[in-house]
Structure formats: structure tokens, C-alpha cells
Amino acid sequence: GDSVTQMEGPVTLSEEAFLTINCTYTATGYPSLFWYVQYPGEGLQLLLKATKADDKGSNKGFEATYRKETTSFHLEKGSVQVSDSAVYFCALSVNTGNQFYFGTGTSLTVIP
Amino acid sequence: DTGVSQNPRHKITKRGQNVTFRCDPISEHNRLYWYRQTLGQGPEFLTYFQNEAQLEKSRLLSDRFSAERPKGSFSTLEIQRTEQGDSAMYLCASSFTGSNSPLHFGNGTRLTVT
């Protein structure tokens, strides 16, 4: 079945460090891939997306490239800030988009 | 675009009671989804609507759970005879049709069953 696997956390980084959160997927069709971010006490917010192979999604300094050959969609940021502390979820949708599949989330804490 | 709105934000109830949550989606969106999220986990799909039609329900969804979306606008999720295991964050999301369209989430309703 369709699923998403993302690296477990928690991840703790110093401000201005490089961030990578790994995400791999299994899908029977041609999925669209998403990263969502969740701040404490809030719902999930779309961070970026990519809809086909080799697409790069980017937003707020975060990037992720849809890699079909490795079935991956790793999230990266070159220099994290304290305000990036949150839980990050990788997700996919397939076909008609009637269902989204989410990873278990990776908690990121950035310390000054 | 006022975003997805959920009410109440928090609900504490005693085991065995019924609860109802409301979700107001983004008005232009024709799809509405309900998810459940427990601590340390990603959102778990419960059900979704296309306009007023409920098109899919999770096989894990107990028959104590029911959702409606009259007139294809707001939606309600009712849990009957609540159990402690129902304690979770209930998230509502809406979107346009199509796998390219991202979900837009509300801030959720946190249910605590005592």
C-alpha cells in the first residue's frame, strides 16, 4: 500500500546549522509529495510540495526534490533559525487525491 | 480566504457521553477531510466528503463515529458513547479536487475523555 517513512526525531540543532530530514515513500501510482509543518497547539501548515519527478519544492528557505529513482523527498534548509522549531510531516497523495498519507513526524528544536 | 475553522478548540467529556465537533472549510473548496492525530503520530485519515457526499471512510473508523456535511458547506463529526481511547486531536482539512491540491488544515479540536 501507499505509505511514507520519515526519519525519527527528535532532532536538535544549533542556530544556522544545516538541516536534513529524510523522507521515503511507497506508492502504487504517481504521487504528489508534500511537507507540512506543525507548530505547538496549531494545525498543520503546508510548507512545500512537488507534483512530479525532479520537481523541487521550496518555501521559506526550505527545499525538497522529488526523486523517483530513490523514492525520496528529503527536506533541507541551509541555515535553521530558532523559529523553525516545530514538527515536520512528509505526506503523499495519489491518483484522485482522495486520501493523503502522512509520516509520523520529525520534531525539530533549534537552540540559539 | 479566512482559512479552515474548527470549534471548539478543546473539549473535555466524561466517558459514555456524546460529543460533536464542527468544521467550516475554505468556502471555495469542494473536498473536506477529517483526520485524527495522537501524540507523536501523524494525522490518521477518518473520512472525506466531496461536496455533500461522503465518499470514503476509514475501515478503522468505529460505527460510533459519524460525519455529515449538509449542503456541502460546514461539516460535523459526532462521536457517540465516547471512550478514553477517543482522546486525540481531531483535525479538519479542505482542498480542491485533485492529488496536486494540498490540504489546508484547521487548528483542530482537542478531545479529552475522562
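The values are calculated or read from the model by the stated rules, or taken from the named source; none is laboratory data. All values derive from a computational prediction rather than experimental measurement. Reconstructed Cβ throughout: ideal geometry from the backbone, glycine too, with neighbour counts over all protein chains shown. Ligands, DNA and RNA are excluded from the accessible area calculation, which covers all protein heavy atoms including side chains. Shrake-Rupley method; radii C 1.70, N 1.55, O 1.52, S 1.80 Å.
Values for this structure:
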{"read-out": "FRET efficiency, residue B:27 to residue A:2 (Cβ-Cβ, R0 41 Å, nearest 0.05)", "value": "0.85"}
{"read-out": "Pairwise label distance in nanometres, residue A:30 with residue B:81, each label 7 Å out on the Cα-Cβ vector", "value": "4.7"}
{"read-out": "B:58, B:94, reordered so the largest accessible area comes first (probe 1.4 Å)", "value": "B:58, B:94"}
{"read-out": "Separation in nanometres of the label points that stand 7 Å from Cα toward Cβ, at residue A:68 and residue A:22", "value": "2.4"}
{"read-out": "Length released on extending from residue A:13 to residue A:82, taking residue separation times 0.36 nm less the Cα-Cα span", "value": "23.9 nm"}
{"read-out": "Tally of Lys pairs whose C-alpha atoms are under 14 Å apart, taken over chain A, 8 or more apart or cross-chain", "value": "5"}
{"read-out": "Relative contact order %, chain B, counting alpha carbon pairs below 8 Å whose residues are six or more apart", "value": "37"}
{"read-out": "Size of charge dipole - the protein assembly as shown - debye, nearest 20, with Cβ of Lys, Arg +1 and Asp, Glu -1, no other charges", "value": "620"}
{"read-out": "Calculated SAXS-style log₁₀ I(q)/I(0) at q = 0.10, 0.20, 0.21, 0.23 Å⁻¹ - chain A, Debye, Cα scatterers", "value": "-0.26, -1.01, -1.11, -1.30"}
{"read-out": "Solvent exposure ordering (accessible area, 1.4 Å, most first) of B:39, B:60", "value": "B:39, B:60"}
{"read-out": "Between the range B:32-75 and the range B:95-114, the alpha-carbon center distance in angstrom", "value": "9"}
{"read-out": "Max mean-square fluctuation residue, GNM over chain B, Cα-Cα springs under 10 Å, options B:41, B:17, B:54", "value": "B:41"}
{"read-out": "Sequence-separation-based contact order of the range B:33-85, relative, with Cα cut under 8 Å and 6+ spacing, percent", "value": "24"}
{"read-out": "Accessible-area order (highest first, 1.4 angstrom probe) of the listed residues B:29, A:74", "value": "A:74, B:29"}
